[in-house]
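Novice: Structure in structure tokens, see below.
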Amino acid sequence: MDTNNETPRMQESILTNAEDGVVRWSPVKSIWYLGHLIVAIIGGCLFFNWSAFLVFVILTALTLCLGHSLGMHRRLIHNSYECPKWMEYLFVYLGVLVGMAGPFGMVQQHDLRDWAQRKNKCHRYLRHGEGFLRDGWWQLNCDLELRHPPTFVIEKRIEKDGVYHFMEKTWMLQQLPWVAVFFYFGGMPWVIWGVSARIAVSVTGHWLIGYFAHNQGQRDWHIIGSAVQGHNVPFAAYLTMGESWHNNHHAYPGSAILGIYHHQPDPGWWVLNRLMNIGLVWNVKLPKDLPNRPELTCLNNNGLEKGSIRIPKRCVFLRFLT
Ligand SMILES: [Zn+2]
Ligand SMILES: [Zn+2]
């Protein structure tokens, strides 16, 4: 089933194939990740103090929520809401600080996976189809080279943006100003916990959730014909700022809300909902606003008709009516 109109940045030719490729060790990715991991494990023990741990917690939460979830994923990648340009830059910058990639790299990695997972078959790298340890090695230290990949064509709005090009070229270096600030105010403990431990935990956590969200867990929705299904990982809802409701995301990729039921906490949505109420966010897309997908089927009674959604006027959390 070709649903490529839903991932328009991935342009196919007659040869394009989501399955045929090889996984190769990526020195830069691997050294970046393992370097921070080693510094985090050894330095984190040697230089632990509670103020450094607090810096770690606050900056991790801010960069994952405003940066990774709201900036990179829900705004830049899925265009699920609109906001002032300064806010988009700020959120995407915080997403860069997570330490996974620059704006272009993040969009490309996400869309390649999104595109491939909608096919009947795709490479095990792209569907987290290997065993736990091998998948960890692959995702955190290697890249997949497809023999005939789709051509990545990003929209003009991002392609022509000098700020995003600057962030892309310097995404690793963006940690350096924070190294200086943390060293000045808190010495080595703040540097290690505020930078390396935060990056190691965020990147490792991102892989862990990706692994479980494509292998096991509860589902309300099934996508007919897809190489892999998304699963919900409920215990990680708060830690991931709502991103772990991944079965919902596979069902409604363009929705700004991920925890679509009352019992599904979605901190990213709570922030977005409040920003919407003070007028800083608008054109918020919800499941009911998305085009009908014939391949989307509901697995149980929790899956409600799209017409049964309500939209709050003020600070009321939006949910499907149950
Ligand atoms: Zn997925
Ligand atoms: Zn997505």
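Novice: Looking only at the range 181-203, decide whether some residue is within 15 Å of ligand 1 (Cβ to nearest atom) and among the hydroxyl-bearing types (Ser, Thr, Tyr).
Specialist: So the first thing to find is which residues in the range 181-203 are within 15 Å of ligand 1 (Cβ to nearest atom), and the list is none.
Checking the range 181-203: not a single residue is within 15 Å of ligand 1 (Cβ to nearest atom) and among the hydroxyl-bearing types (Ser, Thr, Tyr).
Novice: I'm trying to understand the selection: among the residues of the range 244-301, which are at pLDDT 95 or above, closer than 28 Å to Trp207 by Cα and in contact with a Cys (Cβ under 8 Å, 6 or more places away or on another chain)?
Specialist: Matches in the range 244-301: Pro267, Gly268, Val271.
Novice: Another question, then. Any residue in the range 213-230 that's more than 14 Å from Leu258 (Cβ to Cβ) and free of Cβ contacts under 8 Å to residues at least 24 places away in the same chain: show its pairings with residues that are within 14 Å of ligand 2 (Cβ to nearest atom) and assigned to a loop (DSSP other than H, G, I, E, B) at Cβ separation under 8 Å, as long as the two are six or more apart or on different chains.
Specialist: As it stands, the answer is Gln229/His214, since those pairs meet every condition given.
Novice: Conditions first: (1) of a type outside the set (Lys, Arg); (2) surrounded by fewer than 14 Cβ atoms within 10 Å (Cβ to Cβ); (3) in contact (Cβ under 8 Å) with a residue 40 or more places away in the chain. Leu46 passes all but one, so which condition is the exception?
Specialist: Here Leu46 clears every test but (3).
Novice: Would you please list the contacts, defined by Cβ atoms under 6 Å and residues six or more apart or on different chains, that run from a residue in the range 106-135 that is farther than 16 Å from Val22 by Cα and within 11 Å of ligand 2 (Cβ to nearest atom) to a residue that is assigned to a helix (DSSP H, G or I) and modelled with pLDDT of 95 or more?
Specialist: Met106/Met72; Val107/Ile77; His110/Ile77
Novice: Tell me which residues, restricted to the range 64-105, are within 24 Å of Gln11 (Cα to Cα), within 11 Å of ligand 2 (Cβ to nearest atom) and in a helix (DSSP H, G or I).
Specialist: Those that are within 24 Å of Gln11 (Cα to Cα), within 11 Å of ligand 2 (Cβ to nearest atom) and in a helix (DSSP H, G or I): Met72, His73, Arg74, Leu76, Ile77.
Novice: Same structure, new question: When Ile257 is evaluated against the numbered criteria (1) of a type outside the set (D, E, K, R); (2) closer than 26 Å to Cys122 by Cβ; (3) within 14 Å of ligand 2 (Cβ to nearest atom); (4) buried (at least 24 other Cβ atoms within 10 Å of the Cβ), which criterion, by number, is the only one it fails?
Specialist: So the condition that Ile257 fails would be (2).
Novice: Looking at the range 22-81 only, could you name the residues that are of a type in the set (Val, Ile, Thr) and closer than 19 Å to Leu94 by Cβ? Break it down stepwise before answering.
Specialist: So in the range 22-81, the residues of a type in the set (Val, Ile, Thr) come out as 22-23, 28, 31, 38-39, 41-42, 55, 57-58, 60, 63, 77.
Across the range 22-81, the qualifying residues are Val55, Val57, Ile58, Thr60, Thr63, Ile77.
Novice: Scanning for something assigned to a loop (DSSP other than H, G, I, E, B), crowded, with 16+ Cβ neighbours inside 10 Å and touching a residue at least 60 places away in the same chain (Cβ under 8 Å), does the range 264-279 turn up at least one residue?
Specialist: No, because not a single residue in the range 264-279 is assigned to a loop (DSSP other than H, G, I, E, B), crowded, with 16+ Cβ neighbours inside 10 Å and touching a residue at least 60 places away in the same chain (Cβ under 8 Å).
Novice: Looking at the range 219-246 only, could you name the residues that are outside any strand (DSSP E or B), under 19 Å from His68 (Cβ atoms) and within 12 Å of ligand 1 (Cβ to nearest atom)?
Specialist: Gly230, Val233, Glu243, Ser244, His246 - these are the residues of the range 219-246 that are outside any strand (DSSP E or B), under 19 Å from His68 (Cβ atoms) and within 12 Å of ligand 1 (Cβ to nearest atom).
Novice: Okay, next question. Is it the case, given these coordinates, that Asn283 is of a type in the set (S, T, N, Q) and within 16 Å of ligand 2 (Cβ to nearest atom)?
Specialist: Working: of a type in the set (S, T, N, Q): yes; within 16 Å of ligand 2 (Cβ to nearest atom): no.
Spelling it out, it is not the case that Asn283 is of a type in the set (S, T, N, Q) and within 16 Å of ligand 2 (Cβ to nearest atom).
Novice: Pick out the one residue from Leu126, Leu94 that is within 13 Å of ligand 1 (Cβ to nearest atom), surrounded by 20 or more Cβ atoms within 10 Å (Cβ to Cβ) and under 15 Å from the mean Cα position of the chain (by Cα).
Specialist: Numbers: Leu94 fails: within 13 Å of ligand 1 (Cβ to nearest atom).
One residue alone meets the criteria, Leu126.
The values are calculated or read from the model by the stated rules, or taken from the named source; none is laboratory data. None of these values were measured; they are calculated from a predicted model. Ideal geometry is used to build each Cβ from the backbone, glycine not excepted, and the neighbour counts take in all protein chains shown.
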